[in-house]
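**Student:** Structure in structure tokens, see below.
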Amino acid sequence: MIDWDNIQTVLLDMDGTLLDLHFDNHFWQHHLPECYGQANNLSLKASKEVLFTSFAQQANKLNWYCLDFWSQELGLDILSLKRQVKDKIRFRPDTVSFLTALGKKQIPRTLVTNAHPKSLNLKLEHTGLGSYLDHIFSSHQFQSPKESPEFWNRFQAQYSFDPATTLLIDDSVSVLTAAKTFGIAHLIAIANPDSQLGSIPIQGFPAIHHFDEILAP
């Protein structure tokens, strides 16, 4: 699927790609609604209705990923609430072996995530992921989410790379579509970002379940 001799840059998403998306899904869909409901004397159903409406309004915008925005919007300390369930932050099964193999190939391992810096730091602290990476970027540094064309222009201005020899692996079709429009030639989706859910249908991009599907031992 990938001719590694023609790859000079590997860009990697974090949540749902290197880390199990179950933590994020559990937090936003279950833990936060419970906490918000308790704080506002709402039933769980009513809490979810309020929150999910707000979430939909911010979809594919930088605010959706911004812990400071949601803390102010909801009147809760989102980072502290995330710490309450941080035991669910975990690597996807073959992440470490994949990143180690890339290191042996001397291919720079560059994390490009939409995660807010506070959330990013929590996950780096809990998993030690940073020790397997060469570069780490959050889209908040560029004031645009990865779903937007502006992000890719701003990102390349700071981190020079050739789109023709770049591989991006991400679980978001919206992000992959934006990257394709920008000109990144090699794009792969993750078909099973949440370990507690089954595979999701991916259209328009090749998809993998395990990294060993694209990287021989």
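The values are calculated or read from the model by the stated rules, or taken from the named source; none is laboratory data. Note that this is a predicted model, so its numbers are computed, not measured. Reconstructed Cβ throughout: ideal geometry from the backbone, glycine too, with neighbour counts over all protein chains shown.
**Student:** Evaluate the following for residue 158: is it within 16 Å of the chain's Cα centre (by Cα), exposed (fewer than 15 other Cβ atoms within 10 Å of the Cβ) and not acidic (Asp, Glu)?
**Tutor:** Numbers: within 16 Å of the chain's Cα centre (by Cα): no; exposed (fewer than 15 other Cβ atoms within 10 Å of the Cβ): yes; not acidic (Asp, Glu): yes.
So residue 158 fails the test.
**Student:** Further question on the same structure: Report every pair of residues separated by at least 6 positions or lying on different chains whose Cβ atoms are under 9 Å apart, first residue within the stretch 189-217 and free of Cβ contacts under 8 Å to residues at least 12 places away in the same chain, second among the acidic types (Asp, Glu).
**Tutor:** Matching pairs, first to second residue: 200/171; 200/194.
**Student:** Could you please give the count of residues in the stretch 10-53 that are under 19 Å from residue 137 (Cα atoms) and among the aliphatic types (A, V, I, L, M)?
**Tutor:** Here the count works out to 7.
**Student:** Is it the case, given these coordinates, that residue 174 is out of contact with any Pro (no Cβ under 7 Å at 6 or more places or on another chain), outside any helix (DSSP H, G or I) and either in the same structural domain as residue 120 (by TED's automatic domain parsing) or more than 23 Å from residue 4 (Cα to Cα) (or both)?
**Tutor:** Working: out of contact with any Pro (no Cβ under 7 Å at 6 or more places or on another chain): yes; outside any helix (DSSP H, G or I): no; either in the same structural domain as residue 120 (by TED's automatic domain parsing) or more than 23 Å from residue 4 (Cα to Cα) (or both): yes.
Considered against the rule, which asks whether it is out of contact with any Pro (no Cβ under 7 Å at 6 or more places or on another chain), outside any helix (DSSP H, G or I) and either in the same structural domain as residue 120 (by TED's automatic domain parsing) or more than 23 Å from residue 4 (Cα to Cα) (or both), residue 174 comes out as no.
**Student:** Output the helices (runs of 4 or more DSSP H) that fall wholly within the stretch 2-72 and possess 1 or more residues being in contact with a strand residue (DSSP E or B) (Cβ under 6 Å, 6 or more places away or on another chain), or say none. It would help to see each step written out before you state the result.
**Tutor:** Numbers: elements: 22-26, 32-40, 44-57.
Counting at least 1 such residues, we get 22-26.
**Student:** Kindly indicate whether residue 127 is crowded, with 19+ Cβ neighbours inside 10 Å, in contact (Cβ under 8 Å) with a residue 12 or more places away in the chain and within 14 Å of the chain's Cα centre (by Cα).
**Tutor:** no
**Student:** Does residue 159 fit the bill of being under 19 Å from residue 97 (Cα atoms), in the same structural domain as residue 13 (by TED's automatic domain parsing) and of a type in the set (Ser, Thr, Tyr)?
**Tutor:** It is false that residue 159 is under 19 Å from residue 97 (Cα atoms), in the same structural domain as residue 13 (by TED's automatic domain parsing) and of a type in the set (Ser, Thr, Tyr).
**Student:** Still on this structure: Residue 62: assigned by TED's automatic domain parsing to the domain that holds residue 193 and within 30 Å of residue 164 (Cβ to Cβ), yes or no?
**Tutor:** no
**Student:** Something else now. Looking at the stretch 61-89 only, could you name the residues that are surrounded by fewer than 16 Cβ atoms within 10 Å (Cβ to Cβ), of a type outside the set (A, V, I, L, M, F, W, C) and either within 15 Å of residue 23 (Cβ to Cβ) or touching a residue at least 24 places away in the same chain (Cβ under 8 Å) (or both)?
**Tutor:** If the condition is that a residue be surrounded by fewer than 16 Cβ atoms within 10 Å (Cβ to Cβ), of a type outside the set (A, V, I, L, M, F, W, C) and either within 15 Å of residue 23 (Cβ to Cβ) or touching a residue at least 24 places away in the same chain (Cβ under 8 Å) (or both), then 61, 68, 75, 83, 84, 86, 87 are the ones that fit.
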